[in-house]
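Engineer: Please find one structure pasted underneath; my questions will follow.
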Amino acid sequence: MRLNHHPILPIDREERFRFTFNGQKLDAYPGETIAAALFAHGIRTFGYHPRDGSPQGIYCANGQCAQCLVIADGKPVKACMTLVRPGMRVDPADGLPELPRVSVPPPMKEVERIRVPALVIGGGPAGMSAAIELGATGIRTLLVDDKHRLGGKLVLQTHRFFGSRDAVYAGTRGIDIATRLDREVRAQPSVEVWLNSTALAVYSDHVVGVLRAGREYVLVAPEVLLVACGARERSLLFKGNTLPGVYGAGAFQTLVNRDLVRAADRLFIVGGGNVGLIAGYHALQAGIEVVGLVEALPECGGYKVHRDKLARLGVPIYTSHTILSANGHDGVESVTIAQVDERFRPVPGTEKTFPCDTVLVAVGLDPADEFYRKAHEFGMRAFVAGDAQEIAEASAAIFSGRIAGRRIAQALGQPGVEIPLEWERMAEILKSKPGQRGAPPPPPVGDVFPVLHCHEEIPCNPCASVCPQGLIRIDPEDIRRRPQYVPTGGNACLGCERCVVVCPGLAITLVDFRRDQQNATVTVPFELGAEAVREGDRVTAVDVAGEDLGPVAVTGVRTSPRNDRTVLVKLLVPRRVATCVAGIRLRARPQPAALPRPVERLGDDEILCRCERVTVGEVRALIRRGFRDMNEIKAVTRAGMGACGGKTCGPLLRRLFREEGIPLEEVTDYVPRPLFMEAPLALFAGAEETGDE
Amino acid sequence: MGDGAYDVVIIGAGSVGTPAALFLAQAGLDVLVLDRLPSVGQGSNKAAIGGIRATHSDPAKIRLAQRTIEILASWEETHGQDIEWRSGGYVFVAYTPREERILKDLLVVQHAYGLGIEWLDAKALLEIVPDLNPRGLIGGTYSPGDGHCSPLLACHAFYDEARRKGASFRFGEQVTGIELREGRVRAVRSNEDCYETPVVINAAGPWARAVGNLVGLDHPVQPDSHEAGVTEPVTHFLDPMVVDIRPAPGSSNYYFHQLASGQIAFCITPQPPIVGEDCRETSGFLPMVARRMVDLMPRLANLRVRRTWRGLYPMTPDGSPLVGWAQEIEGYAMAIGMCGQGVMLGPGLGELLARMITGTLVPEDQEVLGILSPYREFAAQEALR
């Protein structure tokens, strides 16, 4: 199903057209990927694996794996990266594809070689920020990105950003930051942008092979290279881990927030870091039920404000729990979880199974830094920025991109380019993980005041910068400090609500006794759309962690262009609990009930290498036989030989070694080889069109 | 293990050393294989694309490769391990009178050795390889008895079988010295240990020269690098290995075949050669090989390349291996300079080495060893390396 309204994202579709899948006529809209168009029709099994006939579908939605292979007009393509076209004939990849017959070689020209002072791979927050800095110094820069628009993962982020308001657009939504940075990049006359252009390899002769606009292979020789390719999602080993419906949280956000399809009805999330928490919130914004979230640690690792947002909307969070299996035949039908002991082993007897159709894996990210490592090995002048350098928030990526841009300008001998010291410091601060949690301070007194439900040290300061009276303070030297409301003589809270609107964590309310000393008007921020709640409704007030505080009346719903899609809901709340209210729950959410008996998936069908369908059992047996060279495991099992080139199974295999008690110093890693992504021979041959008959 | 003595120590667990270990162990000898890399076949073996042909023009190579084919073709039946042997043959294509002449000249020698290879005109050749570009095609040779296997699986199968027969392998060990006493091999020293043995076989592939230097010998083996690649898998459409020996700027020939797994593996021979041990990927390879492949077989245009790599060909002055005992040092044997044909010569050669070391050579072996003698006069290169 497609999303037809969304509280944050504009939905603006052009005229629809038809394509076919497996002979069935389906509609699609311009700009949709094949994957999105299929999901829009509830199709999530795209084919069957040649090795074992297992159903295949979306996994990364990011062009990294190859699980979404389909045959489009006779050619095998990745459904997540290929735009659907009117009249396109799409067929499932059932077994090995047949290579289309071609009788005459296509016209081939010499592969173009171009020189450029600076090449930036990756048009996300880091790459765009670097390109802007390079453009500002007039350095000729080429920015290549494999997607159809700039922004990287920013385009998936409907929430307001944390970070510093002065430095990195904190308080602005990710999608809007993407638009702004895009505009700034395009305003630089010396910056050229190639979209839909995948970097395929960094070669030892200091040349980068780029598939320009998906249809022409170009060799780019930069004087300096910046790798800003972001990150890739870690995979996880559990039974049923490759069933269609199990995919990365980033993949889910792509389908929902970029492609605007309702990719799931009932969702279960594995991992309580920021990625999993935010994906859960995005699901709720898209009207998708979140059945639950498991986190193996005793606490979620993400920002507490993100966790609380989910909890307030009624999502059960199971800490010290893990996933045992995703269950189903052609796709996910349920998930089985269990409690874990202090050594993260499942505790027998604690298994619970919940019906759901989708399992999101959000167990962390790894830098996509292979181009940088190659460039470094080959002695190229190269820099790395953003998540490719170190996994952190997008705000940190913006900063590290800026710094890298200036460093490149310096490396190219541009005079007068300096990197302010405070940039370096800000970059460090923005990368910090959540720090200390403090006890909530006693509630303020007065007739009108904000309550800051933000008790954890995170790098974020928009609240402090919007208060017209200057009453919200965060140590200006270190924005990780907790905010404090400090009413000082003469200056009183005006009740302007700006802090309520701007807080990315939705963690500030305004308590107002000016009309009624016994019943406060509490203003809470709300991001599920103005139509979801109306004046006069009775809703459940909840505290910061989602505990019920009782029914309250909605006395007003305010939307304003100034508030940028954040709805302000006014509640009439008894004095006793007025400062405890942090949000609302619209209806008593049915607590998702576990099935009476947990489902046990049979067989050792945890898949280590999803491209070649190699099971954990096969590989574990080899490790126990003494295999320590991942390349030997690859030679014998084919794990790592598939389309993704070990990008997915490599981290899993390393983890399996650790699980087996083998220190990684004894293990030889896969030898990394080009290409980063498969591309047709004709393009390397200098043909522009692949000449099918 | 260090206190134990071995009958033979093999330096190099690759395409040659591994099958040699199997056949020596099978002959009842106590064998140790040392390799500086972390596991079996991690040098040049894994860079090979797996073509196996007996249709050479050098009688020694023909003999060895014929035996290799017999060993590989019967491996699964004998040992139960699938090494992806496929008997798809080799096709050498001729688009100009030059190749037609070269290939037809070779047929004379090849027929003299009873090889199953014939000249096919364009029409007949297109029945074997229907997707060849028919434009300008004169014809070519077809040798249906040749084939291909997975070098990775084959090498690992020899390794498993060798260990089953009692051979020992030690990885991550760099040989640092070969100890002699009165002109005879006494022991092999590594960075880890010292192993007593009366016999050492240098099977160190591209690094054979450095091993020879340990005993003061200078083997004329110089590696150069070739580049290879593999595509995505597609349904089976190509039986034989296709070889195109037309010279073109940057390359002297290239060849490709479809693996049992459905992928096309391809390789190009750079001209002039890229001498040295550098195995880092270069930007020139794909455009060069892709152009030639798409021109020869337009159907490959839409096939997506998955991975590329470089591998080393340990070259000798005349393009043939150097095999035999050293005259200067008793107990030092060479099985080096495979010139990129270690996978197709190794198994046959392994058997011969076992007979050489156990003193059970047959008359045909003497002929092979005569041809491949490290002390031969190096004449011109073999026409089809």
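Engineer: Taking the stated definitions as given, is residue A:217 within 14 Å of chain B (Cβ to nearest Cβ), in contact with a helix residue (DSSP H, G or I) (Cβ under 6 Å, 6 or more places away or on another chain) and buried (at least 22 other Cβ atoms within 10 Å of the Cβ)?
Structural biologist: When the stated conditions are applied, residue A:217 passes them.
The rows are residues; the columns are (1) within 19 Å of residue A:671 (Cβ to Cβ); (2) within 7 Å of another protein chain (Cβ to nearest Cβ).
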| site | (1), (2) |
| --- | --- |
| B:262 | no, yes |
| B:265 | yes, no |
| B:269 | no, no |
| B:281 | yes, yes |
| B:285 | yes, no |
| B:292 | no, no |
| B:295 | no, yes |
| B:303 | no, yes |
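Engineer: Where the second residue is among the β-branched types (Val, Ile, Thr) and the first is in a loop (DSSP other than H, G, I, E, B) and lies in segment A:44-59, which pairs have Cβ atoms under 6 Å and are six or more apart or on separate chains?
Structural biologist: Hits for this filter: A:46/A:70; A:57/A:45.
Engineer: Going through A:237, A:225, A:181 one at a time, which residue ends up being surrounded by 24 or more Cβ atoms within 10 Å (Cβ to Cβ) and either away from chain B (no Cβ under 14 Å) or in contact with a Phe, Trp or Tyr (Cβ under 6 Å, 6 or more places away or on another chain) (or both)?
Structural biologist: When all the criteria are applied, what remains is A:181.
Engineer: On to the next question. Could you please let me know if residue B:86 is surrounded by 24 or more Cβ atoms within 10 Å (Cβ to Cβ), touching a strand residue (DSSP E or B) at 6+ places or on another chain (Cβ under 8 Å), closer than 20 Å to residue B:343 by Cβ and more than 14 Å from every other protein chain (Cβ to nearest Cβ)?
Structural biologist: No.
Engineer: Moving on. Which members of segment B:23-73 meet the condition of being away from chain A (no Cβ under 14 Å), more than 21 Å from residue B:358 (Cα to Cα) and out of contact with any strand residue (DSSP E or B) (no Cβ under 8 Å at 6 or more places or on another chain)?
Structural biologist: B:56, B:57, B:58, B:59, B:61, B:62, B:66, B:70
Engineer: Anything in segment A:340-397 that is in a helix (DSSP H, G or I) and out of contact with any helix residue (DSSP H, G or I) (no Cβ under 7 Å at 6 or more places or on another chain)? List them, or say none.
Structural biologist: Selection gives A:370, A:371, A:373, A:374, A:375, A:376, A:377.
Engineer: Scan segment B:249-280 residue by residue and report those that are more than 22 Å from residue B:150 (Cα to Cα) and touching a strand residue (DSSP E or B) at 6+ places or on another chain (Cβ under 8 Å).
Structural biologist: B:250, B:251, B:252, B:270, B:271, B:273, B:274, B:275, B:276, B:277, B:278, B:280
Engineer: Restricting to segment A:664-687, name every residue that is at the interface with chain B (Cβ under 7 Å from one of its Cβ atoms), assigned to a loop (DSSP other than H, G, I, E, B) and under 29 Å from the mean Cα position of the chain (by Cα).
Structural biologist: A:673, A:674, A:675, A:678
Engineer: What residue, among those in segment B:223-254 that are part of a loop (DSSP other than H, G, I, E, B) and of a type in the set (A, V, I, L, M, F, W, C), is surrounded by the fewest Cβ atoms within 10 Å (Cβ to Cβ)?
Structural biologist: Out of the qualifying residues, it is B:237.
Engineer: Out of everything in segment A:90-111 that is surrounded by 14 or more Cβ atoms within 10 Å (Cβ to Cβ) and more than 7 Å from chain B (Cβ to nearest Cβ), what residue ends up being nearest to residue A:73 (Cα to Cα)?
Structural biologist: So, considering only residues that are surrounded by 14 or more Cβ atoms within 10 Å (Cβ to Cβ) and more than 7 Å from chain B (Cβ to nearest Cβ), the one nearest to residue A:73 (Cα to Cα) is A:90.
Engineer: Just name the residue that is surrounded by the most Cβ atoms within 10 Å (Cβ to Cβ) out of those in segment B:266-325 that are under 20 Å from residue A:214 (Cα atoms) and polar (S, T, N, Q).
Structural biologist: Taking the candidates together, the pick is B:302.
Engineer: Residue A:194 fails exactly one of the following numbered conditions: (1) among the hydrophobic types (A, V, I, L, M, F, W, C); (2) touching a strand residue (DSSP E or B) at 6+ places or on another chain (Cβ under 6 Å); (3) touching a residue at least 60 places away in the same chain (Cβ under 8 Å). What is the number of that condition?
Structural biologist: Residue A:194 satisfies every listed condition except (3).
Engineer: From (1) more than 12 Å from chain A (Cβ to nearest Cβ); (2) out of contact with any Pro (no Cβ under 8 Å at 6 or more places or on another chain), pick out the condition that doesn't hold for residue B:130.
Structural biologist: Failing condition for residue B:130: (1).
Engineer: Separate question: Just to be sure before I move on: is residue A:637 away from every other protein chain (no Cβ under 13 Å) and in contact (Cβ under 8 Å) with a residue 24 or more places away in the chain in the structure I sent?
Structural biologist: On the way: away from every other protein chain (no Cβ under 13 Å): no; in contact (Cβ under 8 Å) with a residue 24 or more places away in the chain: yes.
Against the criterion (away from every other protein chain (no Cβ under 13 Å) and in contact (Cβ under 8 Å) with a residue 24 or more places away in the chain), residue A:637 does not qualify.
Engineer: For segment A:505-526, indicate whether the set of residues that are in a loop (DSSP other than H, G, I, E, B), in contact with a Gly (Cβ under 7 Å, 6 or more places away or on another chain) and either over 19 Å from residue A:562 (Cα atoms) or not hydrophobic (A, V, I, L, M, F, W, C) (or both) is non-empty.
Structural biologist: Looking through segment A:505-526, none of the residues is in a loop (DSSP other than H, G, I, E, B), in contact with a Gly (Cβ under 7 Å, 6 or more places away or on another chain) and either over 19 Å from residue A:562 (Cα atoms) or not hydrophobic (A, V, I, L, M, F, W, C) (or both).
Engineer: Determine if segment A:486-506 includes at least one residue that is more than 30 Å from residue A:398 (Cα to Cα) and among the polar types (S, T, N, Q).
Structural biologist: We begin by selecting, within segment A:486-506, every residue more than 30 Å from residue A:398 (Cα to Cα); these are A:486-496.
Narrowing the set further to residues that are among the polar types (S, T, N, Q) leaves A:488, A:491.
Yes, there is a match, as at least one residue in segment A:486-506 is more than 30 Å from residue A:398 (Cα to Cα) and among the polar types (S, T, N, Q).
Engineer: Would a scan of segment A:38-53 turn up a residue that is among the aliphatic types (A, V, I, L, M) and surrounded by fewer than 21 Cβ atoms within 10 Å (Cβ to Cβ)? Please lay out each step first, then the result.
Structural biologist: Initial filter on segment A:38-53 (among the aliphatic types (A, V, I, L, M)): A:38, A:40, A:43.
From what's left, surrounded by fewer than 21 Cβ atoms within 10 Å (Cβ to Cβ): A:43.
Within segment A:38-53 (the criterion being among the aliphatic types (A, V, I, L, M) and surrounded by fewer than 21 Cβ atoms within 10 Å (Cβ to Cβ)), the answer is yes, since at least one residue qualifies.
Engineer: Look at residue B:338 and say whether it is surrounded by 22 or more Cβ atoms within 10 Å (Cβ to Cβ) and under 30 Å from residue B:188 (Cα atoms). Explain how you work it out, then say what you get.
Structural biologist: Working: surrounded by 22 or more Cβ atoms within 10 Å (Cβ to Cβ): yes; under 30 Å from residue B:188 (Cα atoms): yes.
Taking the combined requirement at face value, the residue satisfies it.
Engineer: Output yes when any residue across segment A:387-399 is over 19 Å from the mean Cα position of the chain (by Cα), touching a residue at least 12 places away in the same chain (Cβ under 8 Å) and surrounded by 21 or more Cβ atoms within 10 Å (Cβ to Cβ), and no when none is.
Structural biologist: Let us first name the residues in segment A:387-399 that are over 19 Å from the mean Cα position of the chain (by Cα), namely none.
The answer is no; no qualifying residue exists.
Engineer: Checking the conditions here, which among A:342, A:393, A:377, A:351 is modelled with pLDDT under 95, of a type in the set (Asp, Glu) and closer than 30 Å to residue A:135 by Cα?
Structural biologist: Values: A:342 fails: closer than 30 Å to residue A:135 by Cα; A:377 fails: modelled with pLDDT under 95; A:351 fails: closer than 30 Å to residue A:135 by Cα.
None of the other options fit; the residue is A:393.
The values are calculated or read from the model by the stated rules, or taken from the named source; none is laboratory data. Please read all numbers here as calculations on a predicted model, not as lab measurements. So basically every Cβ, Gly included, is an ideal-geometry build from the backbone, and we count neighbours across all protein chains shown.
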